[in-house]
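So the structure is just underneath, and the comments pick up after that.
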Amino acid sequence: MDKPDQIPPLSIDEISILFFNRQNPVYIDVYDQQTYRYFIYPIINRTVFFGCLIITLLRPLSHLERITIEQGSSTLALELAKQHTLTEVYYQKTHEYFTELLEYRESELILTKGKELGLNMNSIMFVTLFKISSYQDLQVLEAIIHRLVSIIKQQMARTEKIVYGFHNKVTLLISLSSSDSDHISSITKLLDSIIKEWNRKDGPPLNAGIGNSYYGVENIRKSYDEAGKALSYLTEQNRPGMIRYGEIGLNRFFLNQKSEEIERFLNEIFSPLWSHKAKKNELEKTLLVYTDSNRSAIQAAEKLHIHINTLYQRLKKIEEALNLSFNNTEDMLKIELACHLKRTFNA
């Protein structure tokens with residue numbers, strides 16, 4: 001072997017996948033102009049995978065060498081478990097401090113602590129909440145949260161912030177030197193890229209809600225509440241990804257509405273349009289396309305690939321079935337709202 005000390009071409013994610021359902025060591029062969037053999041020994045504490053030892057093999061391992069590797073792995077696992085516990089203590093203390101910020105009362109101690117943690121306390125601030133939606137083992141969840149916090153810290157090393165994990169969520173508070181929209185946009189794009197990369201690599205589904213930015217410590221609670229509502233909206237939609245509170249728009253008024261009530265309202269509007277032969281027939285589709293086309297008959301007919309006279313006939317049937325009029329402002333508001341909820345809440 002020409003380069004027995006070279007780093008094997010295995011990413012962290014590839015190693016994680018390798019030991020996703022495995023706790024035993026493995027041999028792998030990697031071909032790079034010539035074949036290199038590696039012995040990979042996992043470092044595991046109970047069910048939590050911390051990492052692994054990677055040994056480049058020039059010859060078969062002896063029995064004594066195997067024992068040495070096993071003992072070294074056990075020692076590392078204990079040390080990493082200690083570090084894991086210290087991190088949990090740090091998260092708990094940071095969570096307690098963040099709670100104090102949310103219940104802000106003018107205190108020099110709070111301001112001093114914030115500066116020690118790396119925040120500019122007299123600046124524009126906003127909160128982002130990350131949530132791991134699906135998990136089974138609490139110890140594995142802790143390791144996942146630690147990894148997510150580590151990625152955020154690494155990717156946002158130059159940003160003034162505090163970030164910590166608590167149960168299945170990660171809280172990120174960012175302080176900005178200015179309210180420049182380009183600066184906020186660049187940070188938002190970075191957060192979006194972190195989430196997309198996480199979900200692309202088949203990690204547990206990750207959602208994130210971002211609150212609006214406000215000046216001063218006293219407004220952190222407002223941004224935090226908005227981030228929570230944005231996160232709830234994604235959870236209701238049952239989809240991974242990120243959304244800013246401002247992007248929710250009209251739907252913010254329905255975040256606390258029970259899904260059963262929304263579905264009942266939609267049934268009241270759309271069920272008269274369903275034929276006996278087929279649920280959700282052409283009349284429902286016509287209504288959705290018509291409202292989506294800003295009530296332009298020409299555009300709606302083109303999208304539906306029908307003659308405009310056919311469209312007018314369908315619209316007349318819809319008015320009769322719903323006992324409503326497209327010329328009545330109140331009726332139209334009800335129809336527009338129903339179509340909007342149909343498209344966005346997937347009820």
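I need a count of the residues in region 270-281 that are at pLDDT 85 or above and in contact with a helix residue (DSSP H, G or I) (Cβ under 9 Å, 6 or more places away or on another chain).
Residues meeting the conditions: 3.
Considering every residue within region 118-125, establish whether at least one is without any contact (Cβ under 8 Å) to a residue 24 or more places away in the chain and of a type outside the set (S, T, N, Q).
Within region 118-125, none of the residues are without any contact (Cβ under 8 Å) to a residue 24 or more places away in the chain and of a type outside the set (S, T, N, Q).
Look at G203 and say whether it is within 25 Å of T99 (Cβ to Cβ) and either touching a residue at least 24 places away in the same chain (Cβ under 8 Å) or assigned by TED's automatic domain parsing to the domain that holds M125 (or both).
No.
Within region 136-185, how many residues turn out to be among the polar types (S, T, N, Q) and under 18 Å from M121 (Cα atoms)?
The number of residues fulfilling the criteria is 6.
Kindly indicate whether any position in region 139-147 is in contact (Cβ under 8 Å) with a residue 60 or more places away in the chain, assigned to a helix (DSSP H, G or I) and of a type in the set (D, E, K, R).
Yes: region 139-147 contains one or more residues that are in contact (Cβ under 8 Å) with a residue 60 or more places away in the chain, assigned to a helix (DSSP H, G or I) and of a type in the set (D, E, K, R).
Which ones in region 94-109 are modelled with pLDDT of 75 or more and surrounded by 11 or more Cβ atoms within 10 Å (Cβ to Cβ)?
T94, H95, Y97, F98, E100, L101, L102, Y104
Kindly indicate which of S175, S185 is under 16 Å from M156 (Cβ atoms) and surrounded by fewer than 16 Cβ atoms within 10 Å (Cβ to Cβ).
Checking each option against the conditions leaves just S185.
Restricting attention to region 20-63, report how many residues are within 23 Å of S150 (Cβ to Cβ), modelled with pLDDT of 75 or more and in contact with a strand residue (DSSP E or B) (Cβ under 6 Å, 6 or more places away or on another chain).
Residues that pass the stated criteria total 9.
Find the residue count for region 113-137, including only residues that are within 14 Å of E160 (Cβ to Cβ) and part of a loop (DSSP other than H, G, I, E, B).
The number of residues fulfilling the criteria is 7.
Could you grab me the full set of residues in region 323-337 that are more than 20 Å from W274 (Cα to Cα) and loosely packed, with under 12 Cβ neighbours inside 10 Å?
If we filter region 323-337 for residues that are more than 20 Å from W274 (Cα to Cα), which is where we start, we get 327-330, 333.
Hits for region 323-337 are N327, T329, E330, L333.
How many residues are buried (at least 24 other Cβ atoms within 10 Å of the Cβ) and part of a strand (DSSP E or B) when one looks only at region 207-223?
Selection size over region 207-223: 4.
Does Y38 satisfy the criteria of being touching a residue at least 40 places away in the same chain (Cβ under 8 Å) and either exposed (fewer than 13 other Cβ atoms within 10 Å of the Cβ) or hydroxyl-bearing (S, T, Y) (or both)?
It is false that Y38 is touching a residue at least 40 places away in the same chain (Cβ under 8 Å) and either exposed (fewer than 13 other Cβ atoms within 10 Å of the Cβ) or hydroxyl-bearing (S, T, Y) (or both).
The values are calculated or read from the model by the stated rules, or taken from the named source; none is laboratory data. Just so we're clear, the structure is a prediction, and the values are computed from it rather than from any experiment. Every residue, glycine among them, receives a Cβ derived from its backbone with ideal geometry; neighbour counts consider all protein chains shown.
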